[in-house]
Amino acid sequence: MAFSFSNWIIFKFGQWLLKENPPRRAYLCDFQHILEEIRPGDVLLIEGRSRSSRIIQRITLSPWTHAVLYIGQLQDIDDTVLHAKVKKLCSCTRSTQLVIESEIGLGTIISPVTKYRMDHIRILRPRSLSHGNVQKVIGYAIGRLGSRYNIRHLLDLARFLFPWGLFPRRWKSSLF
């Protein structure tokens, strides 16, 4: 994979930010039970263990630092074109439970949900969403696979590492 210098810096900074610490405590969630309960279209909130997660927790005053979209297993994807795309991008079995997420330095990727087996997780389930609408949401997310991580998020995060007075007002995030 060839990187330009700017992409290389973003990738390395992303690796530094995403370096994870071991779990700090035993969580009240049962990962096996979560695997049995999640449905395509659910959003999983993750209490991350990385450097960037600690920064996000301090800024937002929330334990949840990452969100992923659960898309189910390969056979849960109705559209044959999208099914083929996921199969091509993911070296997984038919029974692998998959999520789509965006990570610093990697962009929008597909991962097995087991990646988060050691993390504190909560399920967010949309209400009154038809099967067809769930498939549209999943189709949109699959269409974003391979997209670069929005660098603005990285810059917004970096700005909170420095004192506010160092930046002109126009550079300060309107989000916070």
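Identify all residues within the stretch 95-119 that are under 20 Å from residue 76 (Cα atoms), assigned to a loop (DSSP other than H, G, I, E, B) and in contact (Cβ under 8 Å) with a residue 40 or more places away in the chain; write none if there are none. Of everything in the stretch 95-119, just one residue is under 20 Å from residue 76 (Cα atoms), assigned to a loop (DSSP other than H, G, I, E, B) and in contact (Cβ under 8 Å) with a residue 40 or more places away in the chain, namely 97. Looking at this structure, is residue 100 of a type in the set (Val, Ile, Thr) and touching a strand residue (DSSP E or B) at 6+ places or on another chain (Cβ under 9 Å)? Spelling it out, residue 100 is indeed of a type in the set (Val, Ile, Thr) and touching a strand residue (DSSP E or B) at 6+ places or on another chain (Cβ under 9 Å). The set of residues in the stretch 10-37 being hydrophobic (A, V, I, L, M, F, W, C), more than 21 Å from residue 69 (Cα to Cα) and either in contact with a Lys or Arg (Cβ under 9 Å, 6 or more places away or on another chain) or at pLDDT below 70 (or both) consists of 10, 16, 17, 26, 28. Is there a residue being buried (at least 18 other Cβ atoms within 10 Å of the Cβ) and in a strand (DSSP E or B) anywhere in the stretch 128-141? Looking for residues that are buried (at least 18 other Cβ atoms within 10 Å of the Cβ) and in a strand (DSSP E or B), one finds none in the stretch 128-141, hence no. For the stretch 77-94, filtering for residues that are assigned to a loop (DSSP other than H, G, I, E, B) and among the polar types (S, T, N, Q) leaves 2.
Could you look through the stretch 56-94, keep only residues that are aliphatic (A, V, I, L, M) and touching a residue at least 60 places away in the same chain (Cβ under 8 Å), and pick out the one that is surrounded by the most Cβ atoms within 10 Å (Cβ to Cβ)? Write out each step before concluding.
So in the stretch 56-94, the residues aliphatic (A, V, I, L, M) come out as 56, 59, 61, 67-69, 71, 74, 77, 81-82, 84, 86, 89.
Restricting the remaining residues to those that are touching a residue at least 60 places away in the same chain (Cβ under 8 Å) gives 56, 59, 69, 71, 77, 82.
Working: 56: 18, 59: 15, 69: 21, 71: 26, 77: 22, 82: 19.
Here the residue is 71.
Which one is modelled with the highest pLDDT, of the residues in the stretch 142-176 that are surrounded by 10 or more Cβ atoms within 10 Å (Cβ to Cβ) and among the hydroxyl-bearing types (Ser, Thr, Tyr)? The residue in question is 147. Do we have any residue at all in the stretch 51-59 that's modelled with pLDDT under 90, among the charged types (D, E, K, R) and touching a strand residue (DSSP E or B) at 6+ places or on another chain (Cβ under 9 Å)? Within the stretch 51-59, one or more residues are modelled with pLDDT under 90, among the charged types (D, E, K, R) and touching a strand residue (DSSP E or B) at 6+ places or on another chain (Cβ under 9 Å). Pairing residues of the stretch 120-141 that are of a type in the set (Lys, Arg) with residues that are modelled with pLDDT of 95 or more, at Cβ distances under 6 Å and at least 6 apart in sequence or on separate chains, gives 125/42.
The values are calculated or read from the model by the stated rules, or taken from the named source; none is laboratory data. If you're wondering where the values come from, they're calculated on a predicted model, not measured in any experiment. Glycine gets a Cβ as well: all are built from the backbone with ideal geometry, and neighbour counts include every protein chain shown.
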